[in-house]
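Take a look at the structure set out below.
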Amino acid sequence: MITWIQTFFMKHNKWLFSALLIVIIVTFVLTIGNQSFFGGQTGPTQADTRKYYGYNLNNPADMERIIRHGELSAMLNPDLGIQGPAVQQYALIRVAALGLANELGIDAPTTDQASAFLRSLPAFQSPETGAFDPESYAQYRDFISTRIPEGERTLARVLREDYRIAQVRESFAGPGYVIPEMAEQDYTQRQTDWEVHIAQRSYADFQPEVDPSEEELRAFYEEDPTRFEVPEQVRVSAVRFSGEQFADSVEAPSEADLQTYFNRFRFRYQPQPGEGETEAPEVTLESVRDRVIADFRRERARDRAQQASDQFLTALYDQQVDRKDPTFTQLVNQFGGRLEPVEPFSRNNPPRQFGIPAEIFRSMWIYTTGDRYYSDLAPTPDGAALLVFEEVIPAHVPEFAAISGQVENAWSAEMRRQRFAQAAQEWETALREALAEGNSFEEAAAELGFSVSTPDAFRGSDAPRELYQFQLFDELRSLDENELSPVIISQAGAATVYVRSKEAPEVDRTSEAFLSFLEEQQKAQRQNSSWAALGDWTNRTLSVVSPDLSTEG
């Protein structure tokens, strides 16, 4: 399925493909506590509550729903650029905004309003026409329905919530004031025509010879031993429930079940149009029967694995099984699980090779004290898993003799960085001297070992990717013709830009183009101010006893 989705969206909507992968990777990222992933309560709830606009932030089920809705909303609004850790902050801002919507009397949208709002979302605009694409929406909806329980219902709710949040943002937005002089400067920079040379040297290719003595390494180690400290770690085991373990128990589907499954997921099997074709031939069940049967059985096996994991977790809690009790291993075997060791890990470096969300690994630090020693369930691509606490390994600094190789690597890396920074200053000086003597920039840079590229002439609003990649665009804006930027050091290496020609436009503040640009700037300013105001409100209300207002609408 991933192959088909990648093929479709990389051709038709690249950003949406990336967003869809987020669902696979981080759906239900906050499943810490006693809430079972597959439904039901498997342990006692926490006594302390922290009410925030109708949610208990100390309740795993509430936090799971908050984060899930935030993830979906971020995907529906890719222009906001919400990714990674920012999702949780964004999700809490949404909660505050929905509470404010209640205070302001903003109702849920009517059917017509919801339809218009849906059609306006960038997520479902055709890249070719800029108009709403029903097919993209239908495929997105079907995809969500297979990845999230009650996926279509959840998606509909998030859309209603985002509609109300948009109204709150409009209320919070300021006037969108933009200083004309600054707007003119920005407009001029965007409309300026450039011709440049870009010279860069790879850091990977910079390998100075170093041969440290043991005395130098020991002095480097003793200068700051804490840089070699092994942080406190926790060792856990994973109990995995894989669909593969339950595959033999899945019966062959009936013809009716198979047809229903195929009709629901027909898009998975629809081939792409061949070269020179506008539409691919319509796929039939008979043409992909073996694939459909295999997918059907695989998903049923995954479902059984998830059910078994839920039953196992319930048994652990009901029977109050101690980790060292032989009954623990008996239950693992009884429910078809598999116990696997996990390498010890620190708080900020959870393992990623097990297909288990990183948040579940981080949650294990909660169980280093107290009676409970196992995590909540976590979804995996082929079933489910939970983690079991084994021991805490205290932080410690190894003796020099035990890590002499690591010390040498760190010393070499530090010397390499220092020498590269020094070399960059020398390269810049040599380039400026060569230019002052009337030499060609290309020849001077090449002689110093730089690779020189010459992008096609471009406008400031359409600068080549290399300028951003090498962190040179901001430097370019301040340069005039025949000027050289400083040599900028980045993780990739060192780079500089030389201006061959520069032609800035005369700006007419009464022109249609400038007024349109000014309007866009004002709109962006209003959007930024509204989110900033909501973020400030959320931070302030989270720092006090939060108002208990319902987020339902």
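The values are calculated or read from the model by the stated rules, or taken from the named source; none is laboratory data. Note that this is a predicted model, so its numbers are computed, not measured. As a convention, Cβ positions derive from the backbone with ideal geometry for all residues, glycine included, and neighbour counts pool all protein chains shown.
Tell me, yes or no, whether region 67-81 has at least one residue that is in contact with a His (Cβ under 8 Å, 6 or more places away or on another chain), under 14 Å from Asp162 (Cβ atoms) and either in contact (Cβ under 8 Å) with a residue 60 or more places away in the chain or not in a helix (DSSP H, G or I) (or both). No, the conditions are met nowhere in region 67-81.
Is it the case that some residue within region 228-251 is among the β-branched types (Val, Ile, Thr), out of contact with any helix residue (DSSP H, G or I) (no Cβ under 7 Å at 6 or more places or on another chain), closer than 26 Å to Glu343 by Cβ and modelled with pLDDT of 90 or more? Yes - at least one qualifying residue is present in region 228-251. Within region 327-371, which residues are touching a helix residue (DSSP H, G or I) at 6+ places or on another chain (Cβ under 9 Å) and over 20 Å from Gln233 (Cβ atoms)? Correct list: Thr327, Phe328, Leu331, Val332, Gln334, Phe335, Gly336, Gly337, Arg338.
Checking each residue of region 325-344 against the condition of being part of a loop (DSSP other than H, G, I, E, B), closer than 21 Å to Glu391 by Cα and among the aromatic types (Phe, Trp, Tyr) gives no match. When Leu479, Leu515 are screened for being under 15 Å from Leu431 (Cβ atoms) and either free of Cβ contacts under 8 Å to residues at least 24 places away in the same chain or in a loop (DSSP other than H, G, I, E, B) (or both), only Leu479 passes.
Among the residues making up region 521-543, a single one is exposed (fewer than 13 other Cβ atoms within 10 Å of the Cβ), over 25 Å from the mean Cα position of the chain (by Cα) and in a helix (DSSP H, G or I): Arg540. Looking at this structure, is Phe220 touching a strand residue (DSSP E or B) at 6+ places or on another chain (Cβ under 7 Å) and surrounded by 14 or more Cβ atoms within 10 Å (Cβ to Cβ)? Answer is no for this residue.
Out of the residues in region 307-340 that are more than 10 Å from Phe241 (Cα to Cα) and of a type in the set (Lys, Arg), state the one that is surrounded by the fewest Cβ atoms within 10 Å (Cβ to Cβ). If we take residues in region 307-340 being more than 10 Å from Phe241 (Cα to Cα) and of a type in the set (Lys, Arg), then Lys324 is surrounded by the fewest Cβ atoms within 10 Å (Cβ to Cβ). Among the residues of region 343-351, are any surrounded by 13 or more Cβ atoms within 10 Å (Cβ to Cβ), more than 23 Å from the chain's Cα centre (by Cα) and in the same structural domain as Val250 (by TED's automatic domain parsing)? Yes, region 343-351 contains at least one residue that is surrounded by 13 or more Cβ atoms within 10 Å (Cβ to Cβ), more than 23 Å from the chain's Cα centre (by Cα) and in the same structural domain as Val250 (by TED's automatic domain parsing). For region 399-430, the set of residues classified as under 21 Å from Gly493 (Cβ atoms) and of a type in the set (Val, Ile, Thr) consists of Thr429 only.
The residues on offer are Gln330, Gln306, and the sole one that is closer than 18 Å to Ala378 by Cα and not hydroxyl-bearing (Ser, Thr, Tyr) is Gln306.
Scanning region 191-217 for residues that are surrounded by fewer than 15 Cβ atoms within 10 Å (Cβ to Cβ) and assigned to a loop (DSSP other than H, G, I, E, B) yields Ala204, Asp205, Gln207, Pro208, Glu209, Val210, Asp211, Ser213.
Condition first: buried (at least 16 other Cβ atoms within 10 Å of the Cβ), in contact with a helix residue (DSSP H, G or I) (Cβ under 6 Å, 6 or more places away or on another chain) and part of a strand (DSSP E or B). Now tell me which residues in region 379-435 satisfy that. The answer is Gly383, Ala384, Leu387, Phe389.
Test Phe361 against the stated conditions and say whether it is in a strand (DSSP E or B) and aromatic (Phe, Trp, Tyr). For Phe361, the condition - in a strand (DSSP E or B) and aromatic (Phe, Trp, Tyr) - is not met. Confirm whether Ala166 is outside the structural domain of Val499 (by TED's automatic domain parsing) and either at pLDDT 85 or above or more than 23 Å from the chain's Cα centre (by Cα) (or both). It is true that Ala166 is outside the structural domain of Val499 (by TED's automatic domain parsing) and either at pLDDT 85 or above or more than 23 Å from the chain's Cα centre (by Cα) (or both). Scanning region 447-504 for residues that are among the basic types (Lys, Arg) and farther than 17 Å from Arg432 by Cα, we see that the one that is surrounded by the fewest Cβ atoms within 10 Å (Cβ to Cβ) is Arg465.
Just checking, which of Ala294, Ala305, Ala358 is under 24 Å from Phe265 (Cα atoms), modelled with pLDDT under 95 and either outside the structural domain of Tyr374 (by TED's automatic domain parsing) or under 30 Å from the mean Cα position of the chain (by Cα) (or both)? Exactly one of Ala294, Ala305, Ala358 is under 24 Å from Phe265 (Cα atoms), modelled with pLDDT under 95 and either outside the structural domain of Tyr374 (by TED's automatic domain parsing) or under 30 Å from the mean Cα position of the chain (by Cα) (or both), namely Ala305.
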